Amino acid sequence: MPGTGVIRVVVADDDALVRAGLGMVLGGDTGVAVVGEAGDGAQAVRVVRSVRPDVVLMDIRMPRMDGLAALEALAPDDVRVIVLTTFDTDEHVLKALRLGAHGFLLKDTPPLAILDAVRKVAAGEQTLSPSVVRQLIAHVAADDRGEAARRTLAALTPRERDVADAVAEGRSNAEISSAVHMSVATVKTYVSRILAKLGCSNRVQVAILVHESRLD
């Protein structure tokens, strides 16, 4: 299957019904294939390292090893992970994003949106809801986090900050291109430069920094 253009996905969730449902959603698209499943974090790490998928859908709350520990274990493997969450009851999403997750999906996300998220992440983008990120940030005690984020973002030029702000709004490269009047190729160059300057591994972490910088 590698080299065919089909997006290869591993689904990790301790609920067999959730795994089956996601398998049906993803399997209904000829451009996506589920190549592995896992019922806990330890198994997820083994399966991912064995089949080397393009994208992993990872539940946070799993037995033996939870999704956060699995995500941390997979960090050196540079795996693209989308976190699955119920959000309202899950306080660990922000930590997952800081660990390098490429985004997150609510478990009741409509099928077409799940497919769209998988395609975006497979293409190297993040799947990010700005409104949910703002709510997540609101759960974090401000302390000096806002000031620290502002100091970090001060390394950016005004133009880079414009792009970073657009990233924080969850915009795609094409949308940023239109908003800031740059070519898509230039936007990609700016995003790469911003990631390097801020020490971030992906766009979601840039978004978190921007939102934290707005904390009092």
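The values are calculated or read from the model by the stated rules, or taken from the named source; none is laboratory data. The structure displayed is predicted, hence computed values, not measured ones. Counting neighbours? That spans all protein chains shown, and the Cβs are built from the backbone with ideal geometry, glycine included. With ligands, DNA and RNA removed, areas are computed over all heavy atoms of the protein, side chains included. Shrake-Rupley method; radii C 1.70, N 1.55, O 1.52, S 1.80 Å.
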Q: State whether one or more residues within the range 55-73 are at pLDDT below 95, part of a helix (DSSP H, G or I) and under 20 Å from residue 123 (Cα atoms).
A: yes
Q: Considering every residue within the range 160-175, establish whether at least one is without any contact (Cβ under 8 Å) to a residue 24 or more places away in the chain, in a loop (DSSP other than H, G, I, E, B), in contact with a helix residue (DSSP H, G or I) (Cβ under 9 Å, 6 or more places away or on another chain) and crowded, with 19+ Cβ neighbours inside 10 Å.
A: yes
Q: Scan 25, 34 and give me the residue that is outside any strand (DSSP E or B) and open to solvent by less than 60 Å² (accessible area, probe 1.4 Å).
A: 25
Q: With the condition kept exactly as written, say whether any residue in the range 193-216 is acidic (Asp, Glu), surrounded by fewer than 19 Cβ atoms within 10 Å (Cβ to Cβ) and either touching a Gly at 6+ places or on another chain (Cβ under 9 Å) or touching a residue at least 40 places away in the same chain (Cβ under 8 Å) (or both).
A: yes
Q: Within the range 60-81, identify whether any single residue is within 27 Å of residue 174 (Cβ to Cβ) and open to solvent by less than 10 Å² (accessible area, probe 1.4 Å), and answer yes or no.
A: yes
